[in-house]
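Structure, as structure tokens:
Here, each number is a calculation from the coordinates, and none is a lab measurement. Keep in mind it's a predicted model, so treat the numbers as computed, not measured. Cβ coordinates were reconstructed from backbone atoms using ideal geometry, including for glycine residues, and neighbour counts include every protein chain displayed.
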């Protein structure tokens with residue numbers, strides 16, 4: 001199987017990018033009881049949580065959640081990072097009124113046009 005130049009370029013960009021992102025994953029030796037991970041590290045670990053989970057399947061030294069953390073602030077940052085990336089299971093779809101989409105009395109009405 002021969003990969004096209006475009007696919008090879010994607011591969012050479014994607015692999016180093018994933019390695020760069022996971023280099024700051026949770027479970028790093030830089031955190032301890034004396035120097036725990038705080039809000040900003042929680043936010044970052046929440047953002048890269050899915051990538052960390054995939055890497056954790058192949059390498060058990062990489063974990064998704066940092067154990068040595070500041071508590072509630074780390075948890076808040078972690079959840080905020082997950083919500084920022086994945087939306088927290090809530091999708092908000094906002095459509096602007098257009099020629100086929102009219103909002104009247106808080107309800108959206110779709111006007112179907114007939115072709116002539």
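Cα extents of the stretch 5-91 along the three principal axes, largest first, in whole Å?
That works out to 48, 35, 20 Å along the principal axes.
Take the Cα of residue 84, step 7 Å along the line toward its Cβ, and report every residue of the stretch 40-62 whose backbone nitrogen sits under 19 Å from that point.
40-53
Rank by packing, highest mean first: peptides 42-48, 57-63, with packing defined as the count of other Cβ atoms within 10 Å averaged across residues.
Ranking the peptides 42-48, 57-63 by packing returns 42-48, 57-63.
Using a basic spin-label model with each label point 7 Å from the Cα along Cα→Cβ, how many nm lie between residue 5 and residue 75?
About 5.4 nm, to one decimal.
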